[in-house]
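Each remark here refers to the structure printed beneath this line.
The values are calculated or read from the model by the stated rules, or taken from the named source; none is laboratory data. None of these values were measured; they are calculated from a predicted model. In this analysis, Cβ positions are derived from the backbone assuming ideal geometry, glycine residues included, and neighbour counts consider all displayed protein chains. Quick note on the areas: whole protein, heavy atoms, side chains included, nothing else; ligands and nucleic acids left out. Shrake-Rupley method; radii C 1.70, N 1.55, O 1.52, S 1.80 Å.
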Amino acid sequence: YQDKEEVVLWMNTVGPYHNRQETYKYFSLPFCVGSKKSISHYHETLGEALQGVELEFSGLDIKFKDDVMQTTYCEVDLDKGRRDAFVYAIKNHYWYQMYIDDLPIWGIVGEADENGEDYYLWTYKKLEIGFNGNRIVDVNLTSEGKVKLVPNTKIQMSYSVKWKKSDVKFEDRFDKYLDPSFFQHRIHWFSIFNSFMMVIFLVGLVSMILMRTLRKDYARYSKEEEMDDMDRDLGDEYGWKQVHGDVFRPSSHPLIFSSLIGSGCQIFAVSLIVIIVAMIEDLYTERGSMLSTAIFVYAATSPVNGYFGGSLYARQGGRRWIKQMFIGAFLIPAMVCGTAFFINFIAIYYHASRAIPFATMVAVCCICFFVILPLNLVGTILGRNLSGQPNFPCRVNAVPRPIPEKKWFMEPAVIVCLGGILPFGSIFIEMYFIFTSFWAYKIYYVYGFMMLVLVILCIVTVCVTIVCTYFLLNAEDYRWQWTSFLSAASTAIYVYMYSFYYYFFKTKMYGLFQTSFYFGYMAVFSTALGIMCG
């Protein structure tokens, strides 16, 4: 900024403290606007529009390094309707958010006295702005001027600005919003260490099972090679070698199966890239930049989806590859947009700022049709041509062999339910930190932790599914594709169950809008995580 240059105080949103996502325009409450009307232009990004950021000009006249003594900027005429609006806001602990030079400031609307009969409004905004050179590096707001709400009176709103020199570097100005005591708590380190021990244990277990039992199996099979045919037909051959003629039979519903696999590969690629970008760049310093990055990366990684989904479908002998490509491309976007559309109706009914504008919806649809779909097509064609030919080591029998009876705990359904427990156990502490930063007022910044947890999750999932598939094939059941996918994907069910626990015991959310927002998006998050694990 130059000296005396205009500094804009943007009003963002106001809403109940316990419901982070239920936000309204600041001027939906009967606040009054300052006298200054003209303002330089403001441009909104896609991520902001989707996250319900509604910046409006406060009308306060603030100039760089120019102190303002306490000045009245407008009056509120308190008739009965306006008083009721303020009383409702104070009862529900409404607080508002403002921005100066992209730094967020929070303030509370008012407070009630102990017995809850009289309600008071804070009328005086006292701003202290720290500057370093010609940059703003620190903003503090003190709310003063408690005025009792009495119908049919005039309330004067005032503000003051004090500029002070600060030693904070411009790059570090967001550090005061971070909460190291919460995120770098001993428990966080301990949970990573705990998961790490579990990984070592699992890898050991898997390699032991595979090495020892496979060596035994090989010994048994090679001994049988030496017998003559008569003995072998009478001999008791059992185990995974029996199903060699059926194990490469295409899975049931290959179209859905390959679409899910493709989508899972894409979600994994997106998670990896977004976490790496977030580790290098501080994405939390800009409004909505995390979401914009994720959307951009998702669109750009569409060929991954096409490649893995299309090649798998071709190897399974699928004929309707165009249909598979469409389903694969629109599986995740349809799930997310469907949920968002449903929640949007409630947001419109509530007049919340979370209601997604029509233009933004059109923009997202255009990304789906004109970016994701063509890139998916490219990936599918590459996948079909490069790795679409089946190259199985043994022939598939013409007639499927009957699946013998087996013990109850070897049934695919049981294996699927048990498979998700260990992957969930390795991530659930991190889930707590991620949920808290999303549903409460913490800024998540420890992406190194998230990266470690993602790696741990991958290793645990791989180990668990190898063991599950081994048990299944040993019971002479060759339907391993869906079982191996679902035994990892069942992590999603446990994460969703944990989100219920989190809602009831860790948050104080209430109201239809916040509750449907919470459970709707948690379902999307859990499903995406499940598909990725699978």
message = Can you list the strands (runs of 3 or more DSSP E) lying wholly within region 21-124 that have 3 or more residues being buried (at least 17 other Cβ atoms within 10 Å of the Cβ)?
response = 68-78, 94-100
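Within region 249-258, is even one residue under 19 Å from Val446 (Cα atoms), hydroxyl-bearing (Ser, Thr, Tyr) and open to solvent by 30 Å² or more (accessible area, probe 1.4 Å)?
no
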query = Inside region 488-534, can you point out the residues that are touching a Leu at 6+ places or on another chain (Cβ under 7 Å) and over 19 Å from Gly425 (Cβ atoms)?
reply = Ile531
ask   = Within region 239-268, can you find the residues that are in a helix (DSSP H, G or I) and modelled with pLDDT under 90?
value = Trp240, Lys241, Gln242, Val243
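Against the definition (loosely packed, with under 12 Cβ neighbours inside 10 Å and closer than 30 Å to Ser35 by Cβ), how does Lys165 come out, yes or no?
On the way: loosely packed, with under 12 Cβ neighbours inside 10 Å: yes; closer than 30 Å to Ser35 by Cβ: yes.
When the stated conditions are applied, Lys165 passes them.
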Test for Val150: is it in contact (Cβ under 8 Å) with a residue 60 or more places away in the chain, in a loop (DSSP other than H, G, I, E, B) and open to solvent by 40 Å² or more (accessible area, probe 1.4 Å) = yes
inquiry  = Can you name every one of the helices (runs of 4 or more DSSP H) wholly within region 153-231 that holds 2 or more residues which are within 20 Å of Phe449 (Cα to Cα)?
reply    = 180-183, 186-208
ask   = Can you tell me which of Phe485, Phe519, Phe505, Phe438 is over 15 Å from the mean Cα position of the chain (by Cα), under 30 Å from Glu22 (Cβ atoms) and hydrophobic (A, V, I, L, M, F, W, C)?
value = Phe505
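Does Leu452 fit the bill of being part of a helix (DSSP H, G or I) and more than 23 Å from Pro250 (Cβ to Cβ)?
On the way: part of a helix (DSSP H, G or I): yes; more than 23 Å from Pro250 (Cβ to Cβ): yes.
Yes: the conditions hold for Leu452.
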key: Some residue of region 453-470 being open to solvent by 30 Å² or more (accessible area, probe 1.4 Å) and touching an Asp or Glu at 6+ places or on another chain (Cβ under 9 Å)   = no
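Take the residues in region 473-510 that are of a type in the set (Lys, Arg) and not in a helix (DSSP H, G or I), then tell me which one is surrounded by the fewest Cβ atoms within 10 Å (Cβ to Cβ).
Narrowing region 473-510 to residues of a type in the set (Lys, Arg): 479, 506, 508.
Subset that is not in a helix (DSSP H, G or I): 479, 508.
Numbers: Arg479: 18, Lys508: 11.
Checked region 473-510; the qualifying residue surrounded by the fewest Cβ atoms within 10 Å (Cβ to Cβ) is Lys508.
In region 1-20, what residues are assigned to a loop (DSSP other than H, G, I, E, B) and not β-branched (Val, Ile, Thr)?
Here is the first cut: in region 1-20, the ones assigned to a loop (DSSP other than H, G, I, E, B) are 1-5, 8, 17-20.
The answer is Tyr1, Gln2, Asp3, Lys4, Glu5, Tyr17, His18, Asn19, Arg20.
Please specify each residue of region 390-417 satisfying the condition of being part of a helix (DSSP H, G or I) and among the β-branched types (Val, Ile, Thr).
Within region 390-417, the first condition is being part of a helix (DSSP H, G or I), and the residues that meet it are 408-410, 412-417.
Within region 390-417, Val414, Ile415, Val416 qualify.
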request  = Tell me, yes or no, whether region 147-161 has at least one residue that is within 23 Å of Thr285 (Cβ to Cβ) and of a type in the set (D, E, K, R).
outcome  = no
query = Has region 281-292 got any residue that is open to solvent by less than 60 Å² (accessible area, probe 1.4 Å), in contact with a Gly (Cβ under 6 Å, 6 or more places away or on another chain), closer than 23 Å to Pro400 by Cβ and not aromatic (Phe, Trp, Tyr)?
reply = no
ask   = Which residue pairs have Cβ atoms closer than 7 Å, lie 6 or more positions apart in sequence or on different chains, and pair a first residue in region 359-378 that is in contact (Cβ under 8 Å) with a residue 24 or more places away in the chain with a second residue that is among the polar types (S, T, N, Q)?
value = Ile372/Ser302; Leu375/Ser302; Asn376/Ser302; Asn376/Asn305
request  = Can you work out which of the residues in region 344-389 that are assigned to a loop (DSSP other than H, G, I, E, B) and open to solvent by 70 Å² or more (accessible area, probe 1.4 Å) is farthest from Leu50 (Cα to Cα)?
outcome  = Gln389
task = Output the number of residues of region 480-529 satisfying the condition of being free of Cβ contacts under 8 Å to residues at least 60 places away in the same chain and small (Gly, Ala, Ser).
result = 2
Subset of region 415-435 that is under 13 Å from the mean Cα position of the chain (by Cα) and not aromatic (Phe, Trp, Tyr) - its residue that is nearest to Tyr496 (Cα to Cα) = Met431
